[in-house]
Each structure stands twice: as structure tokens, then as C-alpha cells.
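Novice: Attaching a single structure in C-alpha cells format; questions to follow.
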Amino acid sequence: MAEKSGAMDITVAIVTYNAAWCILPCLESLMQLVPHGGAIEVLVVDGCSDDGTQEAVQQFGPRIRLIENPGRTIASNRNVVLREARHPFIAFTDADCVVPSHWLHTLRCGWEETMQSDSRVAGVGGGNLPPGRNTHFHKALGIALNSFLGSLGSVQGRIFRSGRLVASLACLNVLYSRHALEEVGGFDENLANMCEDADINFRLRCQGNTLYFIPGADVKHCARHDLRSWLCNMFAYGVGRGRIMRKHRTFFSPAYACAAGFFPALVMVSLAGFFWPWAWLLWLYVPLIFGAGFWLAGRENSASAGRVAAILLGTHVCYAAGIWRGLVAGYPDSIR
């Protein structure tokens, strides 16, 4: 059962490894948080970085507590947070994110509002937006992700204007009950560096807890800088998703099934087309996705139509390939 809030004392946690290139703006934004109605500590758990990350954190002196973790992976770093946090609520964000000054206050208010109608709340969170610099790629990425085709309805990509019950929240923007996380055994360190948040969210829901999206708590996320790095990241997300599907046989949704069926369907219709030529019509998927990209860009009056289309198609292909890689790799061998 999720715990109720009174004065909400919160540990804000960032897990890092070699994040010197991005962590200073993140920490500076945390120093600007307005009061949320409780005590706060900022905790950084670092996986023994060798690029100056720890020196960047130490610039803030006693305002930020730094712990070094030889375990290094994201999942193990998050478990160190669970063990070391001083407060009963934990808010996670990532080193490559910048939070607005009202971030914690908005999440805390959202928690209390949802608790009035649902006492099972274990976590609330917001979305993430592309960074402030207006590159053509980030504009196109924002357009692509703010659609069902680009994000499969995930709150990590879509910009929703109202609160809602959700299946999962990304750990780059979430406020959890520490007790609820501990009750399900913490983060699965076998998942290492990908989809550990999707896994723990699934286990929270299996225990009867609920998760809610809170509008207005968006963070700016420097996701990836170009199409190639974005697609590599989507492949990695797919691998993590496939491994969770092997771990939890009930971890299923129509969207994941469609993604997993992407390649087999194209192979089967290609073979079937030699006997039933109409089967080749399924390949219309490719021009239709490109058409959707042009339509989405036109709706936003953007000149990045080609980029939006390439992001949509590449995301589908790489995510599907990653899922199959994860399904074949299985669980529990970790990705390092």
C-alpha cells in the first residue's frame, strides 16, 4: 500500500556515470527549486566517473551529497539511493535534464490531489521536452514524439495537458514513495542500464499500486544530438523491453506485440506475395509512415518534414530490432 503524505520530505536523486558534459545545468536548476512544503536533500550517486563528474558535483559543497558506487550501472546506482536516502519520498531526475523551479512543488501537489481519490498511489511523474536549443533535429524529434506513432502513447514522449493513470513513469522525472519501492525489492540490477524503471513500475502495479502522470511538471531532456545516436538509443530501449518481456511473461501490451511482430510480418508478406500478390500491400506501411511524418510536420508548420518522417520510420525499425535482440538474449544476463 502506498504511504500517505503529510509534510513531504523528499530526497532528489541523480544517478550518474561520466556526465561532466551535462550535469552542471542540471544541478544548477535543482538549486533554484522553490519550496515544496517539506525538507529536501539532493543526492548524487556516481558510478566512479573518470571525466570530472565528481569534481563538478563537489563545486556545490554541502548542498549536494555525493556517494560513489563501484557497481556503476544505473540500476545499482538507484538501489544505492534507496539505501542512502534520508527522506521517505524520492524524486529521480537524470544528469542530462534541467528541471523547472516549480518541479517538486508541482509533483507534490499532484501527489496530494491524486491521493484524495486513490490511496494506492506509489508514484507521480511528468514528461520530458527536447532541450532549449532549437536545432532542426530536436524540433523534428519533439514533433515525432508528440504523436502516438512516435511514442506509442508513452508519457515520456507525448505532451499531455491533463493528469491520468499510467502504466509507467520514466525515472528522469518521477516522485516515488520510498516505502513502495522497497516493498517490491528495489531496482533489478540484472537489467543494468536500460528499462530498470519500466521493470519496477510493472512490479509496483502488480502489487496493487498506481502511477499517475502530472501535467505541468515537464523537464527539459537532452535526449540525443542527432538521428544516429537517437536510433542507437531506441535499439537499446527495445533490447531492454524485450528482456523484460522474457522476465515477466505477463508484461504485454498491443503496442509491444505490434513492435515485436514488425519484422516477422514483413518477412511473411514478402514470401506470401509470390503466391498472393495483394500481401505485398503491407509494404505500404513505409510510405504511410513517411506520409504521417510530413502530415505531423505540416500540422506544426515545420520545415523538418523529412526529418520527422525519418525519425518515425527509424524509431519503429530500431525499436523492433531491439525487442527481438532482447527476446533472444533473454534474462538474466546483464547488458554491460
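Novice: Can you tell me how many residues within region 141-166 are surrounded by 16 or more Cβ atoms within 10 Å (Cβ to Cβ), out of contact with any helix residue (DSSP H, G or I) (no Cβ under 8 Å at 6 or more places or on another chain) and part of a helix (DSSP H, G or I)?
Specialist: 1
Novice: Can you tell me which residues in region 167-177 are of a type in the set (S, T, N, Q) and either free of Cβ contacts under 8 Å to residues at least 40 places away in the same chain or not in a loop (DSSP other than H, G, I, E, B) (or both)?
Specialist: Correct list: Asn173, Ser177.
Novice: Would you check which residues across region 82-112 are of a type outside the set (Val, Ile, Thr), under 17 Å from the mean Cα position of the chain (by Cα) and closer than 13 Å to Val174 by Cβ and list them?
Specialist: If the condition is that a residue be of a type outside the set (Val, Ile, Thr), under 17 Å from the mean Cα position of the chain (by Cα) and closer than 13 Å to Val174 by Cβ, then Ala91, Phe92, Asp94, Cys97, Trp103, Leu107 are the ones that fit.
Novice: Just give me the residues in region 197-242 being farther than 28 Å from Pro25 by Cβ, out of contact with any Cys (no Cβ under 7 Å at 6 or more places or on another chain) and among the charged types (D, E, K, R), in sequence order.
Specialist: Of everything in region 197-242, those that are farther than 28 Å from Pro25 by Cβ, out of contact with any Cys (no Cβ under 7 Å at 6 or more places or on another chain) and among the charged types (D, E, K, R) turn out to be Asp199, Arg203, Arg205.
Novice: What tally of residues in region 49-64 results from selecting those that are surrounded by fewer than 21 Cβ atoms within 10 Å (Cβ to Cβ) and under 22 Å from Asp197 (Cβ atoms)?
Specialist: Residues flagged as surrounded by fewer than 21 Cβ atoms within 10 Å (Cβ to Cβ) and under 22 Å from Asp197 (Cβ atoms) within region 49-64 amount to 1.
Novice: Quick check: anything in region 29-41 crowded, with 16+ Cβ neighbours inside 10 Å and polar (S, T, N, Q)?
Specialist: Among the residues of region 29-41, at least one is crowded, with 16+ Cβ neighbours inside 10 Å and polar (S, T, N, Q), which makes the answer yes.
Novice: So, one more: Filter region 67-117 for residues that are over 21 Å from Arg164 (Cβ atoms) and among the small types (Gly, Ala, Ser) and give the result.
Specialist: Across region 67-117, the qualifying residues are Gly71, Ala75, Ser76, Ala85, Ala95, Ser101.
Novice: Looking only at helices (runs of 4 or more DSSP H) that fall completely inside region 231-308, which ones have 1 or more residues that are modelled with pLDDT of 70 or more, among the aliphatic types (A, V, I, L, M) and surrounded by fewer than 17 Cβ atoms within 10 Å (Cβ to Cβ)?
Specialist: Here the list reads 262-272, 285-299.
Novice: Across region 109-166, what is the number of residues that are at pLDDT 90 or above and of a type in the set (Ser, Thr, Tyr)?
Specialist: 3
Listed here are the residues, each with its yes/no results for (1) within 22 Å of the chain's Cα centre (by Cα); (2) in a strand (DSSP E or B).
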residue: Ala20; (1), (2): yes, no
residue: Glu28; (1), (2): yes, no
residue: Gly37; (1), (2): no, no
residue: Leu66; (1), (2): no, yes
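The values are calculated or read from the model by the stated rules, or taken from the named source; none is laboratory data. Just so we're clear, the structure is a prediction, and the values are computed from it rather than from any experiment. Please note: Cβ atoms are built from the backbone with ideal geometry, for glycine as well, and neighbour counts cover all protein chains shown.
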